[in-house]
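The values are calculated or read from the model by the stated rules, or taken from the named source; none is laboratory data. For clarity, every value in this text was computed on a predicted model and none was experimentally measured. In this analysis, Cβ positions are derived from the backbone assuming ideal geometry, glycine residues included, and neighbour counts consider all displayed protein chains. Surface areas here come from the heavy atoms of the whole protein model, side chains and all, with no ligands, DNA or RNA. Shrake-Rupley method; radii C 1.70, N 1.55, O 1.52, S 1.80 Å.
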Amino acid sequence: MASRAVIARRIFGRGGLGVAGARAMSTGWWGGVEPAAKDPILGVTEAFLADPSPNKVNVGVGAYRDDDGKPVVLECVREAERRISGNLTMEYLPMGGSIRMIEETLKLAYGENSELIKDKRIAAVQALSGTGACRLFADFQKRFLPDSQIYIPVPTWSNHHNIWRDAHVPQRTFHYYHPESKGLDFAGLMDDVKNAPNGSFFLLHACAHNPTGVDPSEEQWREISYQFKVKNHFAFFDMAYQGFASGDPERDAKAIRIFLEDGHLIGCAQSYAKNMGLYGQRVGCLSVLCEDEMQAVAVKSQLQQIARPMYSNPPVHGALIVSIILNDPDLKNLWLREVKGMADRIIGMRTALRENLESLGSSLSWEHITNQIGMFCYSGLTAEQVDRLTNEFHIYMTRNGRIRYLFFPLSFCKFKLILLKHRIAWIPYSD
């Protein structure tokens, strides 16, 4: 039988294995691969699932739940699936995705009667939810403006950093959250916008900022838009929660509409994970507003070229669900009622939490709970306090203290609120 050295010469030639080949033969091809760090959000779920405690609670991952802690499938989605079953094919979509889905999605962001849509000035492609839309744009930014960088708010959804890092776009940060007030650091934000180099890219959360739940007011958005115009900055909006924040998709798109009114060219990532509950379907849209139709055609063609070696074309099932719902007036109205019901319930949870804290006689202000919006609350818990909640009480959340509302099954579990070093923590107890 041939020796390893003989085999190596046959494979690599007389020049030998080289450094890489020698390492592969001695340790195996992937011997140098170290385990990846746990994702700060998904790692919480992994730890939660591994915990055998019957009283464990996961308040970390952003997914809507009913009163029994169960996942929710909207009735409009159920009806759309009934129409799909046995009636539609599962052929490949074009590289750009479902045209019907994209058309209706753009109306949600840019307006039902938007002249920009009519003038065909928007380059848009179906994306793998909001994450995929952000990644496509990051790669587009790097390919066509390789010397640019992106300004990202502090804090932000942790995956934003991963997306632009892996696209090799340099990152800067700008002030956003004010820990003392638990609100918006508007002065710091505006200073950073003014001091950034002219023509900078900024990542903005259109509504229900993740993880803080802190949004600028309409007046503040107008000031931000004005300063962006002065500095010729480019705004890229991540809109993951349209309709899920206030219950009104039009209201939740107000920041984008303000920028459009002021004549900005923008980019926008949209997702149906939260507002239609299509978490696992990975259906979203990336749009880029252009100077004219010719430019939009060119930009769309390049976005499709970027998508081609990534995933070739997007999945069809989620796109079918969305297009059926949004193209049917009755189903769309049902969706609007259901998304408002989810948003109202979250708002009610915020009110109940604040009232319970205040009824306990706390001397601290809890206004931030009802001032913040969306499914997340930036609680102010320290990493050490989060660790204690996990280790002692089996309550799981990200170590930055972000909690998800609708975090407890009302029918069989309540949360007793206690103060820990002037912060809040939750200890579950049985009825």
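Screening segment 74-94 for residues that are open to solvent by less than 70 Å² (accessible area, probe 1.4 Å) and assigned to a loop (DSSP other than H, G, I, E, B) and picking the one that is farthest from M276 (Cα to Cα) gives L93. Just so you know, in segment 275-285 the residues that are assigned to a loop (DSSP other than H, G, I, E, B) and under 15 Å from T105 (Cα atoms) include one that is most open to solvent (accessible area, probe 1.4 Å), and it is R282.
Out of the residues in segment 212-259 meeting the condition of being charged (D, E, K, R), in a helix (DSSP H, G or I) and within 18 Å of M190 (Cα to Cα), tell me which one is least open to solvent (accessible area, probe 1.4 Å). Among residues in segment 212-259 that are charged (D, E, K, R), in a helix (DSSP H, G or I) and within 18 Å of M190 (Cα to Cα), the one least open to solvent (accessible area, probe 1.4 Å) is K231. Within segment 178-191, being touching a residue at least 40 places away in the same chain (Cβ under 8 Å) and open to solvent by 30 Å² or more (accessible area, probe 1.4 Å) holds for P179, S181, K182. With respect to (1) part of a helix (DSSP H, G or I); (2) at pLDDT 95 or above, the lone exception for V288 is condition (1).
Of note, T45 satisfies the criterion of being under 25 Å from I373 (Cα atoms), surrounded by fewer than 16 Cβ atoms within 10 Å (Cβ to Cβ) and within 21 Å of the chain's Cα centre (by Cα). Filtering segment 101-119 to residues that are farther than 17 Å from E291 by Cα, open to solvent by 10 Å² or more (accessible area, probe 1.4 Å) and either in a helix (DSSP H, G or I) or in contact with a Pro (Cβ under 9 Å, 6 or more places away or on another chain) (or both) leaves I102, E103, E104, K107, L108. Within segment 348-389, restricting attention to residues that are surrounded by fewer than 18 Cβ atoms within 10 Å (Cβ to Cβ), modelled with pLDDT under 80 and aliphatic (A, V, I, L, M), the residue that is farthest from A245 (Cα to Cα) is L364. In segment 260-274, of all residues being outside any strand (DSSP E or B) and more than 12 Å from the chain's Cα centre (by Cα), the one that is surrounded by the fewest Cβ atoms within 10 Å (Cβ to Cβ) corresponds to G263.
If you check R222, R172 for being at pLDDT 95 or above, touching a Phe, Trp or Tyr at 6+ places or on another chain (Cβ under 6 Å) and basic (K, R), only one passes: R172.
Cβ-Cβ contacts under 8 Å between residues 6 or more apart (or on different chains), taken from a first residue in segment 333-347 that is modelled with pLDDT of 95 or more to a second residue that is surrounded by fewer than 15 Cβ atoms within 10 Å (Cβ to Cβ) and in a helix (DSSP H, G or I), are listed as L334/E75; E338/E75. Evaluating L389 against the criteria (1) touching a helix residue (DSSP H, G or I) at 6+ places or on another chain (Cβ under 9 Å); (2) without any contact (Cβ under 8 Å) to a residue 40 or more places away in the chain leaves one unmet condition, (1).
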